[in-house]
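**Student:** The structure's right below; bear with me while I get my questions together.
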Amino acid sequence: MRIVYLFALVIFFGACKSQQMDKNPENKNASISSESCPEAGSCNIVLHKNSTLTLMEDGTGAMYPNIGKGNGLVVEFTYSEKGPEGTADGNYSETIHFEIPEQATTLSLKNNGLTEVNMLWGKHCYCKGEAGYFPVSNGSLKVEKLGNSLIFEVKINMKEREQKINHIKRTVTR
């Protein structure tokens with residue numbers, strides 16, 4: 001009888017299959033050109049097509065990005081470092097979000113002009129008082145759309161926060 005129960009459990013758990021579904025087929029990981037990423041971590045870019053970026057605020061006054069349906073192209077750049085082996089909260093990452101308007105073929109923005117693209121920088125770590133999302137008001141953004149390619153360069157300085165990524169230059173396929 002035990003064998004029957006054991007066999008039933010094996011069949012039951014073997015039949016369960018997790019499925020991942022992309023809720024928005026317009027979102028895709030972009031193929032990145034050979035520009036480098038710091039050796040200590042990895043870089044990833046996700047392009048959210050037909051989207052808009054809204055800066056939201058939770059009940060405590062902390063900001064966070066909300067990507068919804070729209071006409072623009074939201075760029076989400078992530079730099080990640082794996083924490084030391086055996087630590088539960090040792091991972092570190094930084095994100096940069098911005099929205100390129102649909103009709104824009106070139107952009108060149110500086111400092112407070114970055115609010116036009118809702119540029120947001122995020123720091124995610126176990127680093128009390130440093131983690132969270134923050135609007136970028138000190139830096140520059142240059143964007144050029146050429147056919148299926150998107151070329152962008154971001155330079156930011158988060159004066160009040162320590163950061164590992166302050167310059168990104170990438171060419172991605174849309």
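Please treat every number below as a calculation from the coordinates, not as lab data. None of the values given here were measured: they were computed from a predicted structure. Please note: Cβ atoms are built from the backbone with ideal geometry, for glycine as well, and neighbour counts cover all protein chains shown.
**Student:** Grab the eigenvalues of the alpha-carbon gyration tensor for the stretch 26-173, scale each by 5, take roots, and send me the semi-axes largest first in whole angstrom. Could you put the intermediate results ahead of the total?
**Tutor:** Working: eigenvalues 117, 68, 44 Å².
Largest first, the stretch 26-173 gives 24, 18, 15 Å.
**Student:** Order of M158, M56, M63, M119 from fewest to most other C-beta atoms within 10 Å?
**Tutor:** M56, M63, M158, M119
**Student:** Rounded to whole Hz and in sequence order, give me ³J(HN,Hα) for the stretch 50-65 from the Karplus expression 6.51 cos²θ - 1.76 cosθ + 1.60, θ = phi - 60°, writing x for Gly and Pro.
**Tutor:** In residue order, the calculated couplings are 6, 9, 9, 10, 10, 8, 9, 10, 7, x, 9, x, 7, 9, 7, x Hz.
**Student:** Arrange the following residues from fewest to most other Cβ atoms within 10 Å of their Cβ: H97, H48, H167. Show your work: numbers first, answer last.
**Tutor:** On the way: H97 25, H48 22, H167 11.
Fewest-to-most ranking of H97, H48, H167: H167, H48, H97.
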